[in-house]
1. Inspect region 152-159 for any residue being open to solvent by less than 40 Å² (accessible area, probe 1.4 Å) and of a type in the set (F, W, Y) and give the result as yes or no.
2. If the Cβ limit is 7 Å and pairs must be 6+ apart or interchain, which residue in region 87-101 that is of a type in the set (D, E) pairs with which residue that is assigned to a helix (DSSP H, G or I) and modelled with pLDDT under 95?
3. Please list, ordered by residue number, the strands (runs of 3 or more DSSP E) wholly in region 113-159 having 2 or more residues that are in contact with a strand residue (DSSP E or B) (Cβ under 9 Å, 6 or more places away or on another chain), under 23 Å from R84 (Cβ atoms) and at pLDDT 90 or above.
4. Considering only residues that are free of Cβ contacts under 8 Å to residues at least 60 places away in the same chain and either surrounded by 16 or more Cβ atoms within 10 Å (Cβ to Cβ) or touching a helix residue (DSSP H, G or I) at 6+ places or on another chain (Cβ under 6 Å) (or both), which ones fall in region 108-134?
5. May I ask you to list the residues in region 42-73 that are hydrophobic (A, V, I, L, M, F, W, C) and either in contact (Cβ under 8 Å) with a residue 12 or more places away in the chain or closer than 16 Å to S122 by Cα (or both)?
6. Checking the conditions here, which among S39, S90 is in contact with an Asp or Glu (Cβ under 7 Å, 6 or more places away or on another chain), modelled with pLDDT under 95 and farther than 30 Å from A165 by Cβ?
7. If a residue has to be open to solvent by 20 Å² or more (accessible area, probe 1.4 Å) and either assigned to a helix (DSSP H, G or I) or among the β-branched types (V, I, T) (or both) to count, how many in region 83-96 make the cut?
8. Given the options D99, D50, name the one that is surrounded by 13 or more Cβ atoms within 10 Å (Cβ to Cβ), outside any helix (DSSP H, G or I) and at pLDDT 90 or above.
Amino acid sequence: MIGCEVAHYIFALERGIGAAHAHAMRKAALLLSAVFCASLAYAQPVRVGDINSYEAFPAHLEPYRKGWRLAQEELNAAGGVNGRRIEVLSRDDAMRADDAVRHATELAAKEKVDVLMGGFTSGVSLALAEFAQRHKIVYVAAASLNGGSVNPYTFNLRPSAGMQASMLLP
């Protein structure tokens, strides 16, 4: 049943943010389904902490927010994932890494989120990747992470600069 729910999630994202971003979001959908399956507390909602620069980049991030909200609404209307509703707690990082880490700390410690997502700017994403590794929480990075920021808890939705360059060179 999870496979159908992941496909449903991907289609909802494609409608919300466009097919061009769907490939990158497939990784997130598969990762989130793994997080959902790993948890045994079926009565508890799946809590996702979203940290992004919504006020600073509304033209770029409003479609992103509409996409995850649509997926959340449709999955919850269908009974959630394995009977668990999806709950997203969203915070604005004001393009500041220290604000993002403060929000991540609060979301992980007080709100008990199962996974973090977002981080539109590289500075914020790098700080959240470091937080994820230190606190052993899954983080789905929206920005491209270059360099030594890859760790077992961080999943990147965008290609690195090196990957993009290799696509442009003959």
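1. For region 152-159, residues open to solvent by less than 40 Å² (accessible area, probe 1.4 Å) and of a type in the set (F, W, Y): absent.
2. D93/V124
3. 115-118, 138-141
4. Listed by number, the residues that qualify are A108, S122, G123, S125, L126, A127, A129, E130, F131, A132, Q133.
5. A43, V46, V48, I51, A56, F57, L61, W68, L70, A71
6. Only one candidate passes the filter, namely S39.
7. Residues flagged as open to solvent by 20 Å² or more (accessible area, probe 1.4 Å) and either assigned to a helix (DSSP H, G or I) or among the β-branched types (V, I, T) (or both) within region 83-96 amount to 1.
8. D50
The values are calculated or read from the model by the stated rules, or taken from the named source; none is laboratory data. Keep in mind that what you see is a predicted model, and the values were worked out from it rather than measured. Cβ sites come from the backbone with ideal geometry, for glycine too, and all protein chains shown count toward neighbours. The protein model used for the area step is the full one, side chains on, heavy atoms only, and it has no ligands, DNA or RNA in it. Shrake-Rupley method; radii C 1.70, N 1.55, O 1.52, S 1.80 Å.
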